[in-house]
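J.: Have a look at the structure that comes next, please.
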Number of protein chains: 2
Amino acid sequence: MKAARLHARRDIRVEDVPEPSPGPGQVKLRNAFAGICGSDLHVYFEPELVGYGLAPHPLTGAMPPQILGHEFSGTVVELGAGVGSVRVGDRAAVYPTYSCGTCAACLAGQVNACRLIGFHGLTSDGGGMAEYTTVTADRLHVLPAEVDLRMGALVEPMAVAWHAVAKSRVRPGQAALIAGAGPIGLGLWFALRARGVERVLLSEPSAARREVARALGAVTVSPVTDDLPGAVASLTRGGGVDVAFDAAGVAPAFAAAVGSLVPGGRCVIVAMHERGLDFNPSLLVGGETELIGSLAYLPGDFVAVIAAMAAGHYHAEGWIEVAPIDDVVAAIGRLSQGQAMKILIEVA
Amino acid sequence: MKAARLHARRDIRVEDVPEPSPGPGQVKLRNAFAGICGSDLHVYFEPELVGYGLAPHPLTGAMPPQILGHEFSGTVVELGAGVGSVRVGDRAAVYPTYSCGTCAACLAGQVNACRLIGFHGLTSDGGGMAEYTTVTADRLHVLPAEVDLRMGALVEPMAVAWHAVAKSRVRPGQAALIAGAGPIGLGLWFALRARGVERVLLSEPSAARREVARALGAVTVSPVTDDLPGAVASLTRGGGVDVAFDAAGVAPAFAAAVGSLVPGGRCVIVAMHERGLDFNPSLLVGGETELIGSLAYLPGDFVAVIAAMAAGHYHAEGWIEVAPIDDVVAAIGRLSQGQAMKILIEVA
């Protein structure tokens, strides 16, 4: 079968590999769409920074070459022995993470913070950027009729954002600021709206990204050329936002998010910052505000996102492109140059 | 009556001032003990930095000279018209803060974060460092027989720490790290123990302060000469602490507190940092940890601290000194030199 495999730094090959067969408890999926994620760019351009491929993954034993694609959807085509929870023909999004089950995080139910976390499609024996893959049946989240396979490939990144919104403890009727209108920033906007948070301001320096967000219905502001504090004040009648999200990973976005909070407000960090910044912890004291880290998702976030998708809260127009698997390297190039927001590889 | 009044920078005078008389709803207290707080040192040495005395306080109209003493206890000697909640002879701790009731924080019940907050004994018409003061009766927290007036003057700083422990959402049986063994650090230790948190590590670079804490029963570690990460690992069987407290206000203490957390752990900032530090917000992402600001206290914290004092959870041995009001300037000097942990001015 055809698969996109990462062999080494800047070396992805679309090549023929053996078709997998489902073992006991597994299903075989015919993959449909697989999104390219920021993590994919990291391992493609700087595998050494993330320690990619230096040793077999402690949970999966995987080594390069690695089939990519951890944000993906597909259709069940074969059941391994003992599988009764899904049927051939079911369309599904795949929950991709592996966790050890024994570290402090896992024992506390926080499997998303497992110290050995792995991903199907990043550190495992398969992935979504291949015609087929096999996974244990418990990883499948079957899609209802209202959610197509393209949307199914977006469940994973949208779950990252949904999880962050859950961590914020926001309530319907409150006000929110999102710093950064990339895929996760848009996911935060969808999730907030789906949860009854109507007053949401999206701050983004790129005019192109603001335009995409505006076309979806978002209220946007440039933190560079507009008056961001004024926009926050106007959204909140002179107060601050109840929750803010750093989905940009740069110092000005962090400062704007923390600085826009009302007393008691909470800022969720969902972006990765490449470098440190100057921060006075006492900034949190005067208003008793909070900083909360949010990482990936839990299975319940997949369930919630799929339900919200079925209810019509998510839209792919204007920010999702689809490319054939043979164009995966070109697609990575366009993403890394900021020429596209999100690209799904169509594998079937 | 005799009172210690701050006239200007480094100018406290113990002098004769008119004795106050209780208005309607007020009580007259014969003051007993009044603690000297870090805020007192700030307004004494650097009033310009905190804007002290530049304009009448917006809630109280107070201007220098100011009678000091906002951590204080006393005995009711006279009731103003309409007071029925307390009786002459009652011994009480005084809840000192003024809040506006109309800002976003006040409207959310977070009166401790009022943007105009004032203090009786810092920005008002009286304070604890005088023979008498008058306050509205609702400010009194009557002390039970088990709590003496010296302990009563400690209710306010101990409430600061109690509030921070409440903000941490710690549960009995969890593990905690306190960075900084000053009065608030010790207050955190008392509060954690009173709430059923037995595994508490106190990190403090000063050998003298560690000795004081050890004499109270605390497990201490030097972050400079001991192996702090090793001590945390030994306390938690190789994991991290569930909650940490930055009660030091310096970069190494902050880093140690955040760095000692278990996944999902929470670090409460209760200290004021004079300067910023280098911080990568992504540090909070990997373990989904949280930073929480904690400011002052709410009335319920006074109630809880007095109950815990009555139950025997607080001790004054080894860290509390008492000085006569005539020695207030000398006492401030000793505190600013680190020659004493906490000094109560005895006014009656």
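J.: Note down the accessible area of residue A:15, probe 1.4 Å, to the nearest 10 Å².
T.: For residue A:15, solvent-accessible area is about 40 Å².
J.: Next question. Taking every DSSP beta bridge with both residues inside chain A, roughly what % is antiparallel (nearest 5)?
T.: So the antiparallel bridges amount to about 55 percent of the total.
J.: For residue B:267, what accessible surface area do you get with a 1.4 Å probe? Give it in Å², rounded to 10.
T.: So the heavy atoms of residue B:267 present about 0 Å² to solvent.
J.: Hull surface divided by four, with the convex hull built on the Cα atoms of the range B:1-146: how many nm²?
T.: It is 9.1 nm².
J.: Return the distance in nm (one decimal) between the two label points of a simple spin-label model at residue A:224 and residue B:322, each offset 7 Å from Cα along Cα→Cβ.
T.: Going from the residue A:224 label point to the residue B:322 one covers 6.6 nm.
J.: Considering the Cα trace of the range A:1-62, what is its radius of gyration and what is Dmax, both in angstroms?
T.: 13.7, 36
J.: Show that you can apply the helix-only estimate: for chain B, add -39,500 (n - 2.57) for every DSSP H stretch of four or more residues, divide by all residues, and state [θ] at 222 nm to the nearest 500.
T.: It lands at -7500 deg cm²/dmol.
J.: Would you mind working out the magnitude of the charge dipole of the protein assembly as shown relative to its Cα centre, with +1 at each Lys and Arg C-beta and -1 at each Asp and Glu C-beta, to the nearest 20 Debye?
T.: Dipole magnitude for the protein assembly as shown comes out near 720 debye.
J.: Here's something else I'd like to know. Shortest first and in nm to one decimal, what separations exist between residue A:148 and its copies in the other chains, measuring from label points 7 Å along the Cα-to-beta-carbon line?
T.: Nearest first, the other copies' label points are 8.0 nm away.
J.: Which percentage, to the nearest 5, of the DSSP beta bridges contained in the protein assembly as shown is antiparallel?
T.: Around 60 percent antiparallel, to the nearest 5.
J.: Taking accessible area as the heavy-atom solvent-accessible surface of the protein chains with a 1.4 Å probe, which residues of the range A:282-301 lose no less than 20 Å² upon going from the isolated chain to the full protein assembly?
T.: A:282, A:284, A:285, A:286, A:288, A:290, A:291, A:292, A:293, A:295
J.: Heavy-atom accessible area per residue, the protein assembly as shown, 1.4 Å probe: how many Å²?
T.: Solvent-accessible surface per residue comes out at 39 Å².
J.: Follow-up question, since we're still on this one. At residue B:2, label 7 Å along Cα→Cβ: distances to the other copies, nm, ascending?
T.: Inter-copy label distances (nm, one decimal, shortest first): 9.4.
J.: For the range A:2-131, which whole percent of the accessible surface, found with a 1.4 angstrom probe, sits on carbon and sulfur atoms?
T.: Here it works out to 53 percent.
J.: What are the nm distances, shortest first, from residue A:276 to its equivalents in the other copies, labels at 7 Å along Cα→Cβ?
T.: In ascending order, 1.3 nm.
J.: Follow-up question, since we're still on this one. Just how much of residue A:102 is accessible, in Å², when a 1.4 Å probe is used and the result is rounded to the nearest 10?
T.: Estimated to the nearest 10 Å², residue A:102 gives 100 Å².
J.: Right, next: If you wrap the range A:161-293's Cα atoms in a convex hull and average its projection over all directions, what's the area in nm²?
T.: Quarter of the Cα hull surface area: 7.2 nm².
J.: Residues of A:269-280, mean number of Cβ from any other protein chain within 10 Å of their own Cβ, rounded to a whole number?
T.: Across A:269-280, the average partner-chain Cβ count within 10 Å equals 6.
J.: Looking at the square roots a ≥ b ≥ c of the eigenvalues of the Cα gyration tensor of the range B:83-198, which shape do they give, rounded for a/c under 1.5, prolate if a/b is larger than b/c, or oblate?
T.: Oblate, because a/c is 1.5 or more while a/b does not exceed b/c.
J.: OK, next. Taking +1 at the Cβ of each Lys and Arg and -1 at the Cβ of each Asp and Glu, which of B:143, B:74, B:187 sits farthest along the dipole of the range B:45-193 towards its positive end, judged by Cα position relative to the Cα centre?
T.: Working it through, the farthest residue towards the positive pole turns out to be B:187.
J.: Report the full-extension gain for the segment residue B:329 to residue B:315: residue separation times 0.36 nm, less the Cα-Cα distance, to one decimal in nm.
T.: The span from residue B:329 to residue B:315 would gain 2.5 nm if fully extended.
J.: So for chain B, what percent of the C-alpha to C-alpha distances run longer than 38 Å?
T.: Percentage above 38 Å: 16.
J.: Output needed: percent of Cα pairs per 20 Å distance bin for the protein assembly as shown, bins running from 0 to the one holding the longest distance.
T.: 17, 42, 28, 12, 1
J.: Still on this structure, I have one more. Contact order normalised by length for chain B, with contacts defined as Cα pairs under 8 Å and 6 or more residues apart; what percent is it?
T.: Across chain B, relative contact order equals 18 percent.
J.: Rounding to the nearest 20 debye, state how big the charge dipole of chain B is about its Cα centre with +1 on each Lys and Arg Cβ and -1 on each Asp and Glu Cβ.
T.: Dipole of chain B, to the nearest 20 debye: 540 debye.
J.: Moving to a separate point now. Normalising by the residue count of the range A:161-293, find the relative contact order in percent from Cα pairs under 8 Å and 6+ residues apart.
T.: Computed over the range A:161-293, the figure is 24 percent.
The values are calculated or read from the model by the stated rules, or taken from the named source; none is laboratory data. These numbers come from a predicted model, not from an experiment. Please note: Cβ atoms are built from the backbone with ideal geometry, for glycine as well, and neighbour counts cover all protein chains shown. These accessible areas exclude ligands, DNA and RNA; they are computed on the full protein's heavy atoms, side chains included. Shrake-Rupley method; radii C 1.70, N 1.55, O 1.52, S 1.80 Å.
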